[in-house]
1. Heavy atoms only, probe 1.4 Å: what % of the accessible area of the range 1-40 goes to carbon and sulfur, would you let me know?
2. When the accessible area of the range 293-347 is split by element with a 1.4 Å probe, what percent falls to carbon and sulfur?
3. Roll a 1.4 Å probe over the protein chains and send me the accessible area per residue for the range 190-248 in Å².
4. Would you work out the charge dipole size for the range 215-374 about its Cα centre, treating the Cβ of every Lys and Arg as +1 and the Cβ of every Asp and Glu as -1, and quote it to the nearest 20 debye?
5. If one computes the Cα centroid of the range 189-238 and of the range 385-400, what distance in Å separates the two points?
6. Mind checking which lysines have their C-alpha under 22 Å from K322, skipping anything on the same chain fewer than 8 residues away?
7. Which shape class applies to the range 337-392: rounded if a/c is under 1.5, otherwise prolate when a/b exceeds b/c and oblate if not, where a ≥ b ≥ c are the square roots of the Cα gyration tensor eigenvalues?
8. Using a Förster radius of 35 Å, what is the FRET efficiency between A187 and R313 based on their Cβ-Cβ separation? Nearest 0.05, please.
Amino acid sequence: MQVEVKVPTVGESITEGLLAEWLQADGAVVRTDDPLFVLETDKVTMTINAEHSGRLAIAVPAGSPVKIGQTVGSLDTAVQAGAVAPAAAAPPAASPPPAVPQTPGPALNPVAGVPSLREHLARPEAAEALAPSVRRLVEEHRLDPASIRGTGRDGRVTKEDVVAFIASGSPAPPAPGPAAPEPSPEAQVRKPLSPIRSRIAERMVLSQQTTATLTTFTECDCGAVTALRKAHKEAFLARHGVALGFMGFFVKAVADALRAFPDLNSWIEGAEIVENRQIHVGIAVAAEQGLAVPVLRNADRLTLSQIESEILRLAARVREKKITLAELSGGTFSITNAGSYGALMGTPILNPPQSGILGTYAIQEKPVVREGQVVVRPVMILALSYDHRMVDGKTAGLFLKHVADFVGRADASLLEL
């Protein structure tokens, strides 16, 4: 039976997207819940899984714009994973191909009775066995896929296998014969904006045009947090099953400060002020497809270990393209961490309609004065961008001081050991 593969509904406001990548080759036999393709919309990028088992026939190529509900392929459910199906007849050639010398087929693996991975990938159709993202990576780095150990289903080489191969420093095998001349580099390359990048650009411009954004800075002494992590990270991991990071302390500090200064948990909508009685903190996550801001619901009610666990879970879902629109919606305040990329300070851009966003940056050892003595302390610059229409400078300054003081006084009671 032929079952249509359709673009699923991913949110009420989403009507179209981009079929960014097929994760299975045309003609591949897939199982239920195997990843089929990546759908990229203006709000979320997600992996769409197979709803049935069968042989895949691709109808819409990768890179094509698609509508919600559109048929992009089909699955022949008569062919199940593990079954041996007769090879499809090749379409007639438009013109007779040039004659080539006949060579013996690949030797069979004496154990499995099938061609070995190296022999299989060395065949002309080997490239078709690679997912598009894997093929691009192999071509960019001029790698021989036959030299890469495949860990995917049926020995297939995955993107992670290629990345690991590159990281290992294994040399690419030399190309046979004289090297082909390098193509002339182009001065410019043009490509269309992806839906999600287009949406990010639109929202950034909207933020600048519709808010009166101002940024205030302060220094935060991270000595207490650094000492807690050094002394208790192993016990914390053993007790809670999650690593003790820095971000959890700042989420706790922000949630506490939002209770004290609710203006930063509110925003202007038309001629009204929307006061949010719940604290939902968005955490910016950088991924291959662009920036996403999944939301920690009721962050003020979460323990430190729950915050750390939820951040890891949501970040993984973003990077694995499994995040849902619901998990990205409803934030009342945001935190962005540019310190993990080495940035020392910056001016975060508001995420409309929110009135506040906290930027955290790299920790530096700096000389500071404590009780009349110059000492070296681990110091971080904190930046609070806020909508000056909603939040006064005094409130912003006190909020930022509250966050810095909370982190500076952090103690072991937060760890629940």
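The values are calculated or read from the model by the stated rules, or taken from the named source; none is laboratory data. Source: prediction; values computed, not measured. As a convention, Cβ positions derive from the backbone with ideal geometry for all residues, glycine included, and neighbour counts pool all protein chains shown. Note: accessible area is taken over every heavy atom of the protein model, side chains too, but ligands, DNA and RNA are not part of it. Shrake-Rupley method; radii C 1.70, N 1.55, O 1.52, S 1.80 Å.
1. Here it works out to 47 percent.
2. Here it works out to 55 percent.
3. 62 Å²
4. Dipole magnitude for the range 215-374 comes out near 580 debye.
5. 18 Å
6. K6, K43, K67, K159
7. Because a/c hits 1.5 or more and a/b fails to exceed b/c, the range 337-392 counts as oblate.
8. 0.20
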